[in-house]
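Report on one structure; see the data block that follows.
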Amino acid sequence: VAARRKLIVVSNRGPVTYGRDESGARVARRGGGGLVTALRGLVGHHDVIWVASAMSDEDRRVAAEAAGEAFEETAHDGASYRLRLVAHDPAAYDGFYNVIANGTIWFLQHYLWGLADAPDLGETQRRGWTEGYEPVNRAFADAVVDELGRHPDASVCFHDYHLFLAPRIVRERRPDALLTHFVHIPWAQSDYWHALPADFRCAIHEGLLANDVVGFHTERWRRNFLDSCEALVGAGCDFRAGVARHGRRETRVVTHPISIDPDEFDALRENEAVLAEERAIAEDRPELLVVRVDRTDPSKNIVRGFRAYALMLEHHPELHGRVGMLALLDPSRQSIPVYAEYLAAVEREAAAVNERFATEAWRPVELQIGDNFPQAVAAYKQFDVLLVNPIIDGMNLVAKEAPVVNARDGVVVLSENAGAYEEIGAWTLGVNPFDLEDQAAALHRALTMPDEERRRRHEAIDAFVREHDIEAWIENQLVEIERFDGIPTV
Ligand code: G6P
């Protein structure tokens, strides 16, 4: 049994977001995204103060009622924790979230710029940085310092690319605090960081190096980070030991792949809403079902996925009428123009495949745009082939969730650039996400794979994920903290 520890968890998106129901009563809905889902398990076992942005209007009201302080909240399983919502100036938050975090840093860390025509850095990014990213990070740091004043023995766990500057601000004011940071997205190689102004990229690296521990999901991202710390801010790095020395500080740089809670998914398998969605899918599913579940993010490579599927149909007319693709896509970050354009491109491409191949009796692509979690779990149960072909992805939890609930020995076609590939790649059909022929061939091989081989591969992924679950990931974070504070975890 782990010792109960005081943790200050800091992430942009919080575990809940508030709204109103039809009667006007306040309701708390669970916050979206893999990060928040993963961290929810912490709350039951530790004294957690969670610091997050107030995102909805109702969040801002809740924050104001608590006068910006932490208040008691109850998790879905009855565990209680304290939540502190930081309400930012809306214009500053827009610069922080839309222009810099998601409009710039996300694109850089996922190599989404071709560089010949993007990025175009100018006044918008400069102001987004000085009037958005910096002040919002300062507001997070202020909240953390305030909580550390009340709980000096707490460890601070920052999460993700929204908060790269906050650790250094906290460090200046609390030199002895134990600060950790987990980066849930890829780390780009050092040359590509030169697409950012020198002061941005140095502040990002130096902000992270103010932590005692920095974590990544894969060896690949960890190595890239150590290399860019050396190249961009002159840190002295020991790649084997995973240590970066900068100024008088040492930062441990570690790899801990995140995972899922298999028990949660086992329970979901029998959930009423999931069963209802599954009946709907089963009723008009084709003989062979290809499924994909993604946020509509350019990094997810959805358009190329449809093209590869079309190419497979072109090469294999014998599969016409027998196979279908169900794409369940959650519209994401639509306030950023590139994201809105990408969703439109996804819809056009799906329509083009249907136009080209559909018959009166057969629709090759079924596209559903929306946020319907029970439907996603139902599709996880029903797939014969799961297509996960991101351009690049920190981990990709769909690749772990879906096999755990799948009931048909479904085959996973997985991009070699998804973080999950480092762990489960050997049992998937690995693909180069830019190569349409490669993906078309993998789809065909998966659709025609002998039962025995399907079963073997599926069982291996299922067993791996059950062993390396979210509890193991959380435990690894706590062991990292324990190295510094000397309080045993077990
Ligand atoms: C990724 C990021 C998370 C983020 C999530 C959803 O998984 O690593 O930090 O919360 O996407 O994105 P959103 O912009 O909706 O919070």
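A few points about this structure:
- Filtered by the rule that a residue be within 20 Å of the chain's Cα centre (by Cα) and without any contact (Cβ under 8 Å) to a residue 12 or more places away in the chain, region 309-348 gives GLN334, ALA340.
- Residue match in region 252-272 (condition: among the charged types (D, E, K, R), within 16 Å of the ligand (Cβ to nearest atom), outside any loop (DSSP other than H, G, I, E, B) and on the phi < 0 side of the Ramachandran plot): no
- Residues that are within 25 Å of GLY95 (Cβ to Cβ) and either more than 16 Å from the ligand (Cβ to nearest atom) or assigned to a loop (DSSP other than H, G, I, E, B) (or both), drawn from region 317-343: PRO331, SER332, ARG333, GLN334, SER335, ILE336, GLU341
- Output for region 383-403, where each listed residue is away from the ligand (no atom under 16 Å from the Cβ) and either surrounded by fewer than 21 Cβ atoms within 10 Å (Cβ to Cβ) or among the aromatic types (Phe, Trp, Tyr) (or both): PHE383
- Restricting attention to region 51-84 and to residues that are within 15 Å of the ligand (Cβ to nearest atom) and surrounded by 17 or more Cβ atoms within 10 Å (Cβ to Cβ), the residue that is farthest from HIS181 (Cα to Cα) turns out to be ASP59.
- Some residue of region 357-371 being modelled with pLDDT under 95 and either touching a strand residue (DSSP E or B) at 6+ places or on another chain (Cβ under 9 Å) or not in a helix (DSSP H, G or I) (or both): yes
- Screening region 410-490 for helices (runs of 4 or more DSSP H) wholly inside it with 1 or more residues that are β-branched (Val, Ile, Thr) returns the ranges 421-424, 451-467, 470-485.
- Search result, residues across region 162-208 that are closer than 20 Å to LEU115 by Cβ and within 16 Å of the ligand (Cβ to nearest atom): ILE185, PRO186, TRP187, ALA188, ILE204
- Annotation: GLN125 fulfils all but one of (1) farther than 30 Å from GLU471 by Cβ; (2) of a type in the set (S, T, N, Q); (3) within 16 Å of the ligand (Cβ to nearest atom); (4) surrounded by 16 or more Cβ atoms within 10 Å (Cβ to Cβ); the unmet one is (3).
The values are calculated or read from the model by the stated rules, or taken from the named source; none is laboratory data. Being a predicted model, the structure only gives us computed values, none of them experimental. Backbone-built Cβ (ideal geometry, glycine too); neighbour counts: all protein chains shown.
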